[in-house]
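Structure record follows, encoded as structure tokens.
Derivation of every value follows stated rules applied to the coordinates shown; laboratory data play no part. Here the structure is a predicted model, which means the values were calculated and not measured. With ideal geometry, Cβ positions are generated from the backbone for all residues, glycine too; neighbour counts draw on all protein chains shown.
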Amino acid sequence: MGGVNTLKTLAGLIYSYVSDARRFWRYSYMRGPYSNQRTLQAHVLRLSHALEKGAALPNPRAGFGTEKIGQICDAIGYSAERWPVGEVERIGLATVEATLALHRANGVQGLEPLQAKVDQLKQRFPALDASNAAAGLLTISRSDLVQSLPSSPEAFFHSRTSVRQFGARTEFDVSTIERAVAMAQKSPSVCNRQLSRAYVFSSPDAIERILKHQDGNKGFGSDASAIIVVTTDTSGMYKTGERNQTYVDGGLFAMSLVYALHALCQGSCMLNWSQPAHKDAAFRKDCPIPGSEVIITLIAVGPLPDQIVSARSPRRPLGDVMIADFALNA
Ligand SMILES: Cc1cc2nc3c(=O)[nH]c(=O)nc-3n(C[C@H](O)[C@H](O)[C@H](O)COP(=O)(O)O)c2cc1C
């Protein structure tokens, strides 16, 4: 590459990094969680997760998490004063109540001030009634878990393939995507903050407008019955170390979504969003997703045809991928 081209490439790289960093600085809650309901809800989920995790440890510390219980109550009160109470606030309070119940059962003393905070919140904001939110601990028997596993895990994994020849749109039912997204919601996410989203487009006009911004769908994208744009919200991230966490959480969510679609007998193909900042900005002019969200990937979805002809995409040898007993530095 010649000198001028190298400089142009480097300038483009720096521009894209700066633009990513600007988004993170502007929307994440590095400077505190109290700026909007999304940041506050992420804060509530993060703290609630610390409580539920504390209870799920082999030997929970007696009376753990009392400081966090106070912080959750304060955050919920602040949110409920300003914005409509959402499920996250209810989950937060339900987790607090489950933790206080556990502490009481273990004979922990001095919980009255915290219980009073909870009672006050419930009195002031009846919508916080947590009766629908199942929080705290869950016990599953091993045999029930085994019952739910696929009889041939390899068959399930190996039969998924990126599909680039879709069946007819008339066979497509958008409710299948709803089912798949509901399953993908079970993906692990950092401190259970659940910041990923799936924007679903199923009109041919919208599909065409979306796909013209993407560079890997030529020759098949327009045959898809739906395009999903997977995003993750930086407003739920809170520290420098989480600057790439949106991509981790979003990638996991996208992968779960693709496996869920596979389990529901739908064909899918991920479509890269490996775009520099100016192309990402051009897409957002057509598709007004919130500025706080980063685009992870697009997914083309459609019914499976009777014969599925797909690229084999051979895999590297296992030994290239799995390194067992890797020697640590002396
Ligand atoms: C994030 C991501 C982006 C991708 N983007 C494209 C794309 O733009 N166009 C395409 O045809 N395939 C795309 N793929 C599909 C890959 O080519 C495919 O997953 C890989 O070759 C392995 O094949 P398999 O999915 O059939 O197992 C993408 C896959 C991933 C994970």
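Does Ser310 qualify as being polar (S, T, N, Q), within 15 Å of Phe166 (Cα to Cα) and within 13 Å of the ligand (Cβ to nearest atom)?
Criteria met by Ser310.
Only residues in segment 211-228 that are of a type in the set (D, E, K, R) count as the first member; pair them with residues that are part of a loop (DSSP other than H, G, I, E, B) and more than 12 Å from the ligand (Cβ to nearest atom), Cβ under 6 angstrom, at least 6 apart or cross-chain, and list the lot. What qualifies is Asp223/Phe166.
Identify, from the list Ser141, Ser148, Ser159, Ser152, the residue that is surrounded by fewer than 12 Cβ atoms within 10 Å (Cβ to Cβ), within 16 Å of the ligand (Cβ to nearest atom) and not charged (D, E, K, R). Being surrounded by fewer than 12 Cβ atoms within 10 Å (Cβ to Cβ), within 16 Å of the ligand (Cβ to nearest atom) and not charged (D, E, K, R) holds for just one of Ser141, Ser148, Ser159, Ser152, which is Ser159. Within segment 284-320, the set of residues being over 21 Å from the mean Cα position of the chain (by Cα) and surrounded by 11 or more Cβ atoms within 10 Å (Cβ to Cβ) comprises Asp286, Gly302, Pro303, Leu304, Pro305, Ile308, Ser310. A search for C-beta distances below 9 Å between a residue of segment 1-25 that is closer than 22 Å to Val294 by Cβ and any residue that is assigned to a helix (DSSP H, G or I) and among the hydrophobic types (A, V, I, L, M, F, W, C), counting only pairs 6+ apart in sequence or on different chains, returns Gly12/Ala277; Tyr15/Ala277; Ser16/Ala277; Tyr17/Ala277; Val18/Ala277; Ser19/Ala277; Ser19/Ala281; Asp20/Ala277.
Go through segment 239-265 and give me each residue that's part of a helix (DSSP H, G or I), away from the ligand (no atom under 15 Å from the Cβ) and out of contact with any helix residue (DSSP H, G or I) (no Cβ under 6 Å at 6 or more places or on another chain). The answer is Thr240, Gly241, Glu242, Ala263.
Evaluating Ile296 against the criteria (1) closer than 26 Å to Gln37 by Cβ; (2) in a helix (DSSP H, G or I) leaves one unmet condition, (2).
So, in segment 214-238, of the ones that are part of a loop (DSSP other than H, G, I, E, B) and crowded, with 20+ Cβ neighbours inside 10 Å, which residue ends up farthest from the ligand (Cβ to nearest atom)?
Tyr238
Has segment 192-209 got any residue that is within 13 Å of the ligand (Cβ to nearest atom) and buried (at least 18 other Cβ atoms within 10 Å of the Cβ)? Looking through segment 192-209, none of the residues is within 13 Å of the ligand (Cβ to nearest atom) and buried (at least 18 other Cβ atoms within 10 Å of the Cβ).
Applying a threshold of 9 Å to beta carbon distances and a minimum spacing of six or more residues, or different chains, the list of pairs starting in segment 131-156 at a residue that is farther than 16 Å from Gly92 by Cβ and ending at one that is part of a loop (DSSP other than H, G, I, E, B) reads Phe156/Pro150. When Val146, Val174, Val163 are screened for being in contact with a Gly (Cβ under 7 Å, 6 or more places away or on another chain) and not acidic (Asp, Glu), only Val163 passes. Scan segment 266-277 residue by residue and report those that are over 24 Å from Gly236 (Cα atoms) and either assigned to a helix (DSSP H, G or I) or within 13 Å of the ligand (Cβ to nearest atom) (or both). Within segment 266-277, Gly267, Ser268, Cys269, Met270, Leu271 meet the criteria.
Identify, from the list Asp280, Asp325, the residue that is among the acidic types (Asp, Glu) and not in a loop (DSSP other than H, G, I, E, B). None of the others qualify; the one that does is Asp280. Selection of segment 71-106 for residues being touching a residue at least 12 places away in the same chain (Cβ under 8 Å) and more than 27 Å from the chain's Cα centre (by Cα) yields Leu100, Ala101, Leu102, His103, Asn106.
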